[in-house]
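Here, each number is a calculation from the coordinates, and none is a lab measurement. Just so we're clear, the structure is a prediction, and the values are computed from it rather than from any experiment. So basically every Cβ, Gly included, is an ideal-geometry build from the backbone, and we count neighbours across all protein chains shown.
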Ligand SMILES: Cc1cc2nc3c(=O)[nH]c(=O)nc-3n(C[C@H](O)[C@H](O)[C@H](O)COP(=O)(O)OP(=O)(O)OC[C@H]3O[C@@H](n4cnc5c(N)ncnc54)[C@H](O)[C@@H]3O)c2cc1C
């Protein structure tokens with residue numbers, strides 16, 4: 001036998017989904033965008049769609065995740081340096097995300113900016129989600145930062161700049177800035193009141209009252225950000241502080257990075273454990289009012305969790321559609337096998353419903369940040385926990401089913417080339433961080449006390465009332481559950497039902513009859529616990545055709 005004997009020909013394998021326009025090819029996203037922002041010029045999204053779907057960006061995503069960040073606590077002479085080194089592809093992705101204004105930029109623009117950014121965030125997630133952690137945090141800190149006018153004035157130009165500057169330098173020497181957040185400590189994450197980090201007053205300067213912080217943070221992502229909003233205890237209670245890596249006098253602040261976390265996924269993003277050794281920090285807002293500040297940030301990052309999961313779902317669905325359109329089994333393309341069609345159609349419904357609900361929340365954010373609107377304000381408050389809970393909760397099951405559409409190839413990563421495995425490992429994260437599922441469901445119960453939610457939901461869902469018997473039955477059930485009497489133990493049930501109702505109402509308004517009817521039949525009339533069990537009579541062909549690249 002010689003080494004060049006040909007044992008087999010490679011056939012019946014699908015091709016990678018690359019060099020496609022993720023925006024132009026996504027009918028569900030374009031329809032949802034037209035509904036929520038009819039006047040929006042989508043030229044920038046077309047450009048981003050092409051970039052995010054390019055093989056060049058896919059290569060950066062693979063490399064940034066394969067060569068994960070490395071912590072350097074000391075230099076070779078023994079000096080403490082507390083820096084994290086990233087692969088150049090990480091920096092390339094950060095630069096593109098900031099170029100497209102996914103971080104602080106919408107805060108410096110007018111109406112529509114948050115919706116456009118939301119769509120862009122979904123598209124970028126399809127390219128690479130890990131780098132969006134510092135991008136999302138930089139977006140989220142902006143409203144809280146306004147509570148300290150001097151800091152806001154000095155830092156907002158850098159935070160809204162579209163230039164990425166990876167250098168470890170004081171803020172006034174950099175072309176662009178990013179920020180992170182530090183709440184979670186060892187003894188409590190959801191229950192931030194249990195924080196033990198202490199803040200001692202240490203004088204006053206141009207940025208207001210200065211403190212010295214002593215304590216730790218157990219999860220502290222993207223520690224190479226230029227500054228962080230952190231929580232610490234003062235005699236008046238939990239308060240919010242601005243903690244920069246560099247101090248105004250040009251020295252490095254006393255933030256020690258202890259180690260990086262070894263995570264299930266999200267490999268390109270560095271998540272660390274840190275200690276504050278008398279680190280200087282400036283107060284944001286009033287002493288003892290840390291929780292409202294953090295909630296303002298959390299509301300924005302929760303939006304991003306919903307958007308990010310919707311983006312990942314779309315990516316997984318697109319890959320599944322690509323594979324099943326090319327792979328043959330039992331004499332037919334997989335996509336033409338009736339049962340596979342049912343699975344793909346069901347995934348398409350879920351993906352479109354996630355996109356619809358996440359963008360609806362983005363509209364509420366946009367409207368309330370650019371004017372006063374009571375209905376939108378109430379919807380924003382209620383939709384945030386609902387969308388974060390339900391969309392993220394569906395993510396992992398979705399990824400598993402999309403992976404299965406690829407058979408064994410779906411489970412194989414091959415040095416980062418098999419993207420499904422990366423999506424699968426990333427999915428649970430959006431459900432856990434920024435308020436895990438139970439915390440979101442309990443937050444919905446709190447939100448019900450914020451105003452006439454039942455009236456708002458009746459108004460919001462009016463266009464779909466009478467369109468399907470299962471919708472009307474679910475509406476009656478949900479409205480009944482909004483009377484404020486729901487027990488804690490039933491909070492997930494209420495969050496799920498409200499999410500499904502809102503998703504159906506949105507699909508009625510900006511999707512097709514086939515999608516709306518199948519969604520009601522499979523999720524409102526009959527709550528299936530497995531994808532691919534759409535009841536007979538659903539127009540599977542039409543649903544799958546809508547989800548395919550156009
Ligand atoms: C990769 C990664 C990066 C992160 N980065 C950051 C970061 O940069 N900054 C930061 O501050 N944090 C960060 N976090 C922390 C994250 O926000 C927390 O892990 C999360 O909020 C949950 O807190 P916990 O881990 O302390 O869990 P716990 O609060 O102990 O919760 C555990 C479980 O109990 C449930 N639970 C809690 N209270 C109740 C209740 N009253 N009733 C019913 N159920 C309840 C929760 O829903 C959850 O399922 C990160 C986490 C991860 C995984």
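The value given for the chain is a Kirkwood hydrodynamic radius of 24.2 Å, derived from the mean inverse Cα-Cα separation.
Relative to one another, the C-alpha centroids of segment 338-354 and segment 374-432 are positioned 15 Å apart. Measure nothing but the geometry: give the 0 to 90° angle between the long axis through the Cα atoms of 338-369 and the longest principal axis through the Cα atoms of the chain, rounded to 10°. Between helix and principal axis, roughly 40 degrees.
Just check segment 73-156 against the gyration tensor rule for me: Cα atoms, a ≥ b ≥ c as the square roots of the eigenvalues, rounded for a/c under 1.5, and otherwise prolate or oblate depending on whether a/b exceeds b/c. Oblate, because a/c is 1.5 or more while a/b does not exceed b/c. Inter-label distance, residue 329 to residue 99: 4.0 nm, where each label sits 7 Å from its Cα along the C-beta direction. In terms of its C-alpha gyration tensor, segment 176-281 comes out oblate, because a/c is 1.5 or above while a/b does not outweigh b/c. Relative to the longest principal axis of the C-alpha atoms of the chain, give the angle of the C-alpha long axis of helix 419-432, reported between 0 and 90° and rounded to the nearest 10°. Once rounded, one gets 60 degrees. Kirkwood radius, segment 396-505, all distinct C-alpha pairs, inverse of mean reciprocal distance: 16.4 Å.
Taking 0.36 nm per residue of sequence separation and removing the Cα-Cα distance, the residue 415/residue 6 pair yields an extension gain of 144.7 nm.
Using Cα pairs closer than 8 Å and at least 6 residues apart in sequence, work out the relative contact order for segment 309-415, in percent. Averaging sequence separation for qualifying contacts and normalising by length gives 36 percent for segment 309-415. Segment 186-214 and segment 60-93 have their alpha-carbon centroids 28 Å apart. Ranked for footprinting exposure by Cβ neighbours inside 10 Å, fewest first, 297, 427, 181 give 297, 427, 181. Mean separation of Cα pairs under 8 Å and 6 or more residues apart, divided by the residue count, gives segment 33-162 a relative contact order of 28 percent. The mean sequence distance of close C-alpha pairs (under 8 Å, at least 6 residues apart), as a share of the length of the chain, puts its relative contact order at 15 percent. Ranked for footprinting exposure by Cβ neighbours inside 10 Å, fewest first, 538, 133 give 538, 133.
Look at the Cα gyration tensor of segment 241-311: its axes a ≥ b ≥ c give a/c of at least 1.5 with a/b at or below b/c, and that counts as oblate.
On the beta carbon distance between residue 14 and residue 163, with R0 = 41 Å, the FRET formula returns roughly 0.60.
Round to the nearest 0.05 the FRET efficiency obtained for residue 404 and residue 263 when R0 = 30 Å and r is the Cβ-Cβ distance. The computed FRET efficiency comes out at 0.80.
When each of 272, 161 is scored by the number of other beta-carbon atoms lying within 10 Å, the sequence from fewest to most is 161, 272. Relative to the dominant Cα principal axis of the chain, helix 374-405 is inclined by about 60°. If one computes the Cα centroid of segment 240-292 and of segment 444-484, what distance in Å separates the two points? Here the two parts' Cα centres lie 41 Å apart. Take the Cα of residue 375, step 7 Å toward its Cβ, do the same at residue 79, and the gap between the two points is 6.1 nm.
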